[in-house]
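Asks: So that we are looking at the same thing, I have put the structure below in C-alpha cells.
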Amino acid sequence: MSPQPLTTAADAGVAEAGAADDPQPAAGTVVRLRPVVFATPTGTGVHVRGWSSSFTVSGGTGVWKVWQLLARQLAGGLSPQSLARPVRRPEVDRAVRLLLEQLREHDMLVEVPSGWGDRDDPGLPPADLARWLESVAADPAAAWDRLRSTTVTVAGTGPVAAAATRTLTGTGLTVDPSGGTGADTVVRAGDAAVAARCLAETGYVTPVAAPDEVTAHSAAIATRLTRDTDGPAVDGDPVAPALAALVGAAAAHRIVCAVAGLPDPAEEAATLPGGEPAAPGPHYPAALVARLDPVRATYHPWLPAARAPLPGGPADIDAVGLRLAALGDPVLGPVPAALPGDLPQLPAMLALAGPALGVAATADAARIDATLRYVEAHLGLDGSRPGDDPATPALTPTPTPTLSAARSVTAAAVGVDARHATGVALRRLVHAVGHRLDTVEVAEAEWATAPAARRWWKALTRRFGVPARVVAHRLPAGAVHAEIVTDDGPLAWAVEADAADAVALAALAATGVAQARAAGVAVPTGPVSLTGAAPTWLPGDPQLAPWTDDTWYWPAGVIDHEERLQQALRAALTTGGATLTGRPAVPDPADTGPADLDPDPVAHALAVTGFVTQGFQWTTDAASRGA
C-alpha cells in the first residue's frame, strides 16, 4: 500500500504547515517515536527500522520530507488528539496516516507522560532509564511504577555483587546489599530471583526463578560447565574484572526486566528482525553464559528450570529439531549434541550423539535417530549406558525385549511423541515374538521393483559388498516383518505396513552400519532397525521441483500408514488369547524441583521437551500358544 505521489516541495510545505498548527501539550499523555527507531530515504520514499522490525513506504520524494517533519514532531511528543486531526492537504494526510499506521503496526510508537525524560521530577525516572523504558516497554510509566516501588536485594560479596549493585543503583532502584557467604550472588526482587557466579574464565546467570530454587540451579550449572575441566573455581580465585562486570550487570538486567514486566533478555535474544521468533515452537528457560578471550555472552537452554512440556508445533522434522537442539545444547544440554562430524554422508546420512550412531535418509532424521538411541541406552532401555565407555563409539543395537519365565515379553522405546514411541515399541515386540505368530512368507516380487527398496538393497549388496539376503513375512493382521540376514546372522530388520517400505528401511539400517564400519566406527554386532514412525522432511510446495515424485522424498509418506499399522500390530500381538499392556517406560519427572536436579537430568529433560517413553508388556498363555 502506498500514498499518492508526493513529489513537490509545496506538498512538504503544506504538511509542515499543517503539523505546525498542532499545539504541544503541557500535561497528560503524549505519543512518541521510540528512541530506537531510525529512517533512511529511498528513491521513492522512506525505509524505517526499529529494534526488531522494519518497513518501507513508497510514494515519491515528498514522503521523505513528510517523514522528517513527522519524526521531529513525534520525538518531542504529540497528543493523541493531535495525531487524530487530519492534515490540510488530502494527499499529505494519506502519507501521514500510512506512516502512523505502519509505526503502530511495528510497535514503534509509545505513549508516555508529558515531560517523560525531559525534566527533573521525583515521580519520573532518570533520563537514561526513561529512554531505555521508552525503547522497550509497552507501557513505560507502568514499568517505572513497578520498579520504583520494589526493593531489590543483592546477597553476595565480591566483584559480581558490586557490579549488580552498581547497575541497579544506576537505574534509580532501591537496593539492599545484604552480603552473603556463598559463591553465588543472588539478586532478588519479591518472588523473582537470579543467581550469578564467576568461575575461572566463565560466568553465568541463572534463569529467573523462585528465590529458594536459584542456588540449586547455580550449583548444577557450575557442575555442567566444568564437566570437561578440572573442576569449578574455588572461593578466593581471582575473577577478571570484565567478566564480573558483565555477569553482575546481566543479573541486574534480568531482574529489572522481571520486575518491570518486560520480556526476559533471553526471549529478546531469540527474536529475529521483524519481531518474529528465531524459530517456531517452545522457548525454554535459558541461562546466560559469559566467557573471556574474547569477551562474549550467549543464552543456552537450561532444562532443569522447566517444569512441564511446553506447547510447541507438531512433531514434524523442523519442530523436533528445535527440541533436539535444547536437549543436546553443546554448553548446558544433558545429552551430547548429535553431529555428522567427519563421517561420510553418502549413501546414508550418519550422525553421532556421543557413542551412539544414528542412520537415516536425511541429515535431520539421522540426528534424531542418534539422539534417541543415546537416551535409550542412558535410561537402560537397551540394558547399557553409552557413557560407560566413551572410547567405544557405537550404533546402539536395537534394544532386545526381555522374555520371562511367565511367557511375557517387555519392550520400550523413546519417541518424539506418543505415536512415535508407541510405534517403535510395538515393532520391537513383534520382532521379539514374531516366531510365535502365524506368518506367511512374502515373495521377492512384492518389493524388488520398489524404488526405495531397490536403492538401499543395491547400496548394501553392491556398493558395500555385503552378501546379504532378505527374509520377509506377513503378520496375521497384514503388516510385514523384513529382516536382512547373512550367514553370520541378522544385520537389520523393520516392520511396516507393506513389504517395500519394510525392506527399504531394513536395508537402509544395514547400509548405515556398513558405511559406518567402513569409516572406522566400531559398531557392535547385532541387528539394528529403523521405522517409518519417525518424522521426515517433505517439501511444503509439491511444485518446488516439478520433475520429482514421492520416491525422491522417501521415507516421507511412510508415516501416513502409521495409525493403520499400529492397529494391525496390536491385533497381531493379541491373537490367541495374548494380552498387551502399555505403560510409560520411565516415571514422568516433569514436575520435579531443583532438589531433584542430580538424579537423572536426562529423564527430566526428555519430559519437558516433549519426548515420550512408552513400554509394553506382552503376555501369553503358554498352553494356548504351544510354547
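The values are calculated or read from the model by the stated rules, or taken from the named source; none is laboratory data. Just so you know, these numbers come straight off a predicted model, no measurement behind them. As a convention, Cβ positions derive from the backbone with ideal geometry for all residues, glycine included, and neighbour counts pool all protein chains shown. Quick note on the areas: whole protein, heavy atoms, side chains included, nothing else; ligands and nucleic acids left out. Shrake-Rupley method; radii C 1.70, N 1.55, O 1.52, S 1.80 Å.
Asks: Cβ neighbours within 10 Å, averaged per peptide: list 361-370, 558-567 in order, most packed at the top. Present the calculation step by step, with values, prior to reporting the outcome.
Replies: Working: 361-370: 23.3, 558-567: 17.4.
Put in order of decreasing packing, that is 361-370, 558-567.
Asks: Also, I was wondering about something else. May I ask for the net charge around Pro263, where only other residues with Cβ less than 13 Å from the Cβ of Pro263 are counted and Lys, Arg are +1 while Asp, Glu are -1?
Replies: Computed value for this residue: -3.
Asks: Which net charge results for the neighbourhood of Ala353, defined as the other residues with beta-carbon distances under 12 angstrom from its beta-carbon, given Lys and Arg at +1 and Asp and Glu at -1?
Replies: Around Ala353, the surrounding residues sum to 0.
Asks: If you don't mind, there's one more thing I want to ask. For segment 78-146, what is Rg from Cα atoms divided by 2.2 N^0.38 Å, rounded to two decimals? Show your work: numbers first, answer last.
Replies: Working: Rg = 14.7 Å, N = 69, 2.2 N^0.38 = 11.0 Å.
In units of the globular-protein estimate, segment 78-146 measures up at 1.33.
Asks: Leaving out ligands, DNA and RNA, what percent of the accessible area of segment 130-265 is carbon and sulfur, probe 1.4 Å?
Replies: 52 percent
Asks: In what sequence, largest accessible area first, do Thr574, Thr206 appear using a 1.4 Å probe?
Replies: Working: Thr574 60, Thr206 0 Å².
The residues order as Thr574, Thr206, largest area first.
Asks: Provide Arg49, Arg427, Arg307 ordered by accessible surface of protein heavy atoms (probe 1.4 Å), highest first.
Replies: Arg49, Arg307, Arg427
Asks: Using unit Cβ charges (K, R positive; D, E negative) and no other charged atoms, how large, in debye to the nearest 20, is the dipole of segment 60-217 about its Cα centre? It would help to have the intermediate numbers written out before the result.
Replies: On the way: 15 positive and 19 negative charges, 158 e Å.
It works out to roughly 760 debye.
Asks: Just to confirm a number: summing +1 for Lys and Arg and -1 for Asp and Glu over residues other than Trp51 whose beta-carbon lies under 12 angstrom from that of Trp51, what do you get?
Replies: -1
Asks: Considering only protein heavy atoms, what is the solvent-accessible area of Lys458 at a probe of 1.4 Å, reported in Å² to the nearest 10?
Replies: Rounded to the nearest 10, that gives 90 Å².
Asks: Could you provide, to the nearest whole Å², the per residue accessible area of segment 405-499 with probe 1.4 Å?
Replies: Per-residue accessible area for segment 405-499 comes out at 43 Å².
Asks: Moving on. At 1.4 Å probe size, put Leu346, Leu100 in order of accessible surface, largest to smallest.
Replies: Leu346, Leu100
Asks: Carbon and sulfur: what percent of segment 444-521's accessible surface (1.4 Å probe)? Write down the numbers at each step before the final one.
Replies: Numbers: 1470 of 3090 Å².
Answer for segment 444-521 is 48 percent, counting heavy atoms of protein chains only.
Asks: Solvent-accessible area of Arg131, probe 1.4 Å, all protein chains present, reported in Å² to the nearest ten, please.
Replies: Its heavy atoms expose roughly 140 Å² to the probe.
Asks: How much accessible surface area, in Å² rounded to 10, belongs to the heavy atoms of Val214 with a 1.4 Å probe?
Replies: Roughly 0 Å² of Val214 is accessible to a 1.4 Å probe.
Asks: Report the calculated FRET efficiency for Thr169 and Thr226 (r = Cβ-Cβ distance, R0 = 35 Å), to the nearest 0.05.
Replies: With a Förster radius of 35 Å, E is 0.65.
Asks: Sticking with this one: How would you classify segment 122-254 from its alpha-carbon gyration tensor, with a ≥ b ≥ c the square roots of the eigenvalues: rounded for a/c under 1.5, else prolate if a/b is greater than b/c, otherwise oblate?
Replies: Prolate, because a/c is 1.5 or more and a/b exceeds b/c.
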